[in-house]
Amino acid sequence: MSRSISALLSSAAWEDLTAWLPHDLDALAAKSGGFQRRRAIQSPLEFLRLALAYGLLDLSLRSVAAWSADHGLGQLSDVAVLGRLRRGWPFLEAVFQAMLTRQVAARPVSDLPRRVRLVDATTLSAPGSTGADWRLHASYDLSTGTVDAVELTDGRGAEHLGRVPLAKGDLVVADRGYAREVRIREALEVGADVLVRIGHRAVPLIDVNGEEFDPMKFATRRRSRAGRPPRTEGVVVYLRSDSQRARPLRLVVVRKAAGATERAQTHINREAQRRGTQPSARTLAAARFVFLLTSIPASEADETAMAELYRLRWQIELAFKRWKSLLGIDQLRADDPNLARAYIYSKLIGVVLADTIARQWRAFSPYGVPLGDRPMARLE
């Protein structure tokens, strides 16, 4: 992998690769303040090339200095490279965010007239660390198959829906880590819709009469008709803070297959044993169900459709796996926070470059690079 990336950063291919980069690098450098000194490294483009060599080739600082000299970027010491990278991470972040805004657009997935965005986070650890030192919060646009928003925080940065900018018409899909009443309410207030998995106690709900609503009581209630309960069913509920019941939501209950239930209960028992505790009967019973909270009305999509849509959340998990397996974004080599940021954003720029070039079919034509002023903005 590093050999092919090294070829892309060489003098012969670098000019072609710049066609896929933002054209306003000078403006981004000035606005971010991440590139100021022009001694040795003469331009933001040259600094970006240096940073990609550090992040994508996984070179040591001393090796980056030697690489710079070999490729005509100037004579730098390893200390000088360190200083450039530590000061330059805001510019790298700005380049990465600018590249995200150029992701191609496409029609919404399924029949819902909404942009479906899968939200999740992944952790990164510094060398020798056993915990989460950094957390990447990301949004994956399901219609385009691209990550459209990323926020980098330290390991204490909690997961919540406010980590990505939401707009009217978005449908945000998230797992149980995002099941927070205040954040769900904020998403609804900007006109976005939600499809969030919740625990059996995580989000306080009320029913149409304003009474406290218990998902487990609904899922295990006595039924008037004999026979097997449906795999999916729904009921109108409200957030407890919505005392006027102005924004109706829907609780979708999905009954797991026997094998899935057994696996979930085994995991619960193992975790409890590891902590030296005993799981409650309610917790084990709740493992038979998946509870989804959505603002999409039943008239637009039934319970089965919403359950199937939630399954697609794994696409963002697969994106994280690709980042880690192909570009080694989780293999941090720096303890210094600013150097670590430079490393991570260099990796992320490589992620977007690889994704964009792979999806733009003209990159594989005999003449290599786009013939217009910039890569295609849209594939029809």
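The values are calculated or read from the model by the stated rules, or taken from the named source; none is laboratory data. Small disclaimer: the values here were computed from a predicted structure and weren't measured. Cβ sites come from the backbone with ideal geometry, for glycine too, and all protein chains shown count toward neighbours.
From the list R197, R185, R231, the lone residue that is at pLDDT below 95 and basic (K, R) is R231.
I'd like to check something: does the range 259-277 contain any residue that is within 30 Å of G169 (Cβ to Cβ) and under 26 Å from the mean Cα position of the chain (by Cα)? No, the range 259-277 contains no residue that is within 30 Å of G169 (Cβ to Cβ) and under 26 Å from the mean Cα position of the chain (by Cα). Taking the range 321-342 as the search range and keeping residues that are charged (D, E, K, R) and part of a helix (DSSP H, G or I), which one is nearest to G83 (Cα to Cα)? Only one residue tops the list, namely R341.
Which residue out of A319, A354, A287, A272 is within 30 Å of L9 (Cβ to Cβ) and without any contact (Cβ under 8 Å) to a residue 60 or more places away in the chain? Residue meeting the stated conditions: A354. Look at (1) in a loop (DSSP other than H, G, I, E, B); (2) polar (S, T, N, Q); (3) in contact with a Lys or Arg (Cβ under 8 Å, 6 or more places away or on another chain) and you find that S243 fails only one, number (3).
Just to be sure before I move on: is A340 modelled with pLDDT of 90 or more and assigned by TED's automatic domain parsing to the domain that holds A219 in the structure I sent? Judged against the criteria, A340 is not a match. Would you pick out the residues in the range 33-69 that are under 29 Å from the mean Cα position of the chain (by Cα) and more than 16 Å from R87 (Cβ to Cβ)? Across the range 33-69, the qualifying residues are L45, R49, L52, A53, L56, L57, D58, L59, S60.
When the range 126-159 is filtered for residues that are modelled with pLDDT of 85 or more, more than 22 Å from V116 (Cα to Cα) and not aliphatic (A, V, I, L, M), the ones remaining, listed by number, are D133, W134, R135, T153, D154, G155, R156, G157. Take the conditions of a type in the set (V, I, T) and in contact with a Pro (Cβ under 9 Å, 6 or more places away or on another chain) and apply them to V253. Does it pass? Yes, satisfied. Within the range 22-33, the presence of a residue that is of a type in the set (D, E), part of a helix (DSSP H, G or I) and out of contact with any Pro (no Cβ under 8 Å at 6 or more places or on another chain) is excluded. Only one of the listed residues (L166, L249) is modelled with pLDDT of 95 or more, surrounded by 14 or more Cβ atoms within 10 Å (Cβ to Cβ) and touching a strand residue (DSSP E or B) at 6+ places or on another chain (Cβ under 9 Å). That residue is L249. One residue alone among R180, R135 is farther than 28 Å from L205 by Cβ and in contact (Cβ under 8 Å) with a residue 12 or more places away in the chain, and that residue is R135.
Of the numbered criteria (1) surrounded by 15 or more Cβ atoms within 10 Å (Cβ to Cβ); (2) closer than 17 Å to I198 by Cα; (3) out of contact with any helix residue (DSSP H, G or I) (no Cβ under 6 Å at 6 or more places or on another chain), the one D242 fails is (2).
Please pick out the residue among L171, L152, L195 that is in contact (Cβ under 8 Å) with a residue 60 or more places away in the chain, in the same structural domain as R247 (by TED's automatic domain parsing) and out of contact with any Pro (no Cβ under 6 Å at 6 or more places or on another chain). Quick ask: steps written out before the conclusion?
Details: L171 fails: in the same structural domain as R247 (by TED's automatic domain parsing); L152 fails: in the same structural domain as R247 (by TED's automatic domain parsing).
From the options L171, L152, L195, the qualifying one is L195.
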